[in-house]
Amino acid sequence: MIYIFDVDGTLTESRNKMDLSFAQFFYDFVDHNRVWLISGSDKDKTIEQVGSAIWLKAERCYQNSGNQLFINGKLEYQYEFNLPTQCKGLLEMFLERSKYPYRYGNHIEKRDGAINFSTIGRNCTQEQREHYDAWDKEHQERKEFAWEIKERFNFLDAVVGGEISIDIYEKGRDKGQIVKDIKGKFEFFGDRLLPGGNDFPIEQQIIAQKRKGCKTHHVESWKDTENLLHSII
Ligand code: M1P
């Protein structure tokens, strides 16, 4: 059995470090089980969040929604993605159009195989992040922007993950692409398993590939994940 975990919202609060006692417990779990990580985020952010011991101990670490793979810390592959100029123009228009009043910089972040877009900007503080998150829950801005990107560019996909941003990549280059790499049974833990969420493609691939004995756990927070793992052990 392979246990696969999303990071933000599943092992940690979004863009935060893992809770210390959960990290100790999880390290032990990784040491005794086959564990893969898959994040929408890049390698440096994931290591900052889960710590290098867990990141290196995990059998595989897929970054940028599966567009980059590390095995035992060694880069196996990465895809390139350059944001089309017209889509960049649309993101800049979103920045002007958004009714959210604050901007803190780093709004369009290039990653290997993906782009991360945030109206508030990735340079915001934790407090500013929480403010945007609460505002977005009420106004559903990220959902609307993701929908518009997909409508205008049928070769692109845009999904909501985390609290302040959306991930954009070529259609099909979503988290679901890792399912073909998994031989046998697996269990996936994620907080964005509903349509439009960045974990949803994994659910879709389980169904499309008729993967028997594989299941997903929709968690609300890392505490849910911890409780589920205790019950598995
Ligand atoms: O995994 C999806 C995203 O999760 C976090 O998003 P946010 O900053 O919006 O909370 C970040 O780790 C981001 O890099 C990642 O793409």
>> For a quick check of your reading of the model, give me the residue pairs whose first member lies in region 109-137 and is in contact (Cβ under 8 Å) with a residue 24 or more places away in the chain and closer than 14 Å to SER98 by Cβ, whose second is assigned to a loop (DSSP other than H, G, I, E, B) and within 10 Å of the ligand (Cβ to nearest atom), with beta-carbon atoms closer than 6 Å and at least 6 apart or on different chains.
In response: SER118/ILE164; ILE120/ILE164; TYR132/ILE120; TYR132/ILE164
> Can you find even one residue in region 80-89 that is touching a strand residue (DSSP E or B) at 6+ places or on another chain (Cβ under 8 Å), assigned to a helix (DSSP H, G or I), away from the ligand (no atom under 15 Å from the Cβ) and within 26 Å of PHE155 (Cβ to Cβ)?
Replying inline: yes
> Which pairs have Cβ atoms under 7 Å, sit 6 or more apart or on different chains, and link a residue in region 138-166 that is touching a residue at least 24 places away in the same chain (Cβ under 8 Å) to one that is among the aromatic types (Phe, Trp, Tyr) and assigned to a helix (DSSP H, G or I)?
Replying inline: PHE145/PHE94; ILE164/TYR132; ILE166/PHE145
> Any chance region 42-60 includes a residue that's away from the ligand (no atom under 15 Å from the Cβ) and touching a Ser or Thr at 6+ places or on another chain (Cβ under 9 Å)?
Replying inline: no
> Of the residues ILE108, ILE71, which is farther than 24 Å from ILE202 by Cβ and at pLDDT 95 or above?
Replying inline: ILE108
> Taking the stated definitions as given, is PHE200 within 18 Å of the chain's Cα centre (by Cα) and aromatic (Phe, Trp, Tyr)?
Replying inline: yes
>> From the list ILE202, ILE207, exactly one residue is buried (at least 18 other Cβ atoms within 10 Å of the Cβ) and either among the aliphatic types (A, V, I, L, M) or assigned to a strand (DSSP E or B) (or both). Which is it?
In response: ILE202
>> If I filter region 42-57 for residues that are on the phi > 0 side of the Ramachandran plot, surrounded by 16 or more Cβ atoms within 10 Å (Cβ to Cβ), free of Cβ contacts under 8 Å to residues at least 40 places away in the same chain and assigned to a loop (DSSP other than H, G, I, E, B), do I get at least one hit?
In response: yes
> Is it true that some residue in region 13-29 is within 12 Å of the ligand (Cβ to nearest atom), out of contact with any helix residue (DSSP H, G or I) (no Cβ under 9 Å at 6 or more places or on another chain) and farther than 22 Å from GLU220 by Cβ?
Replying inline: no
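The values are calculated or read from the model by the stated rules, or taken from the named source; none is laboratory data. Quick caveat: nothing in here was measured; it's all calculated off a predicted structure. Quick reminder, even Gly has a Cβ in these numbers, built from the backbone with ideal geometry, and neighbours come from all protein chains shown.
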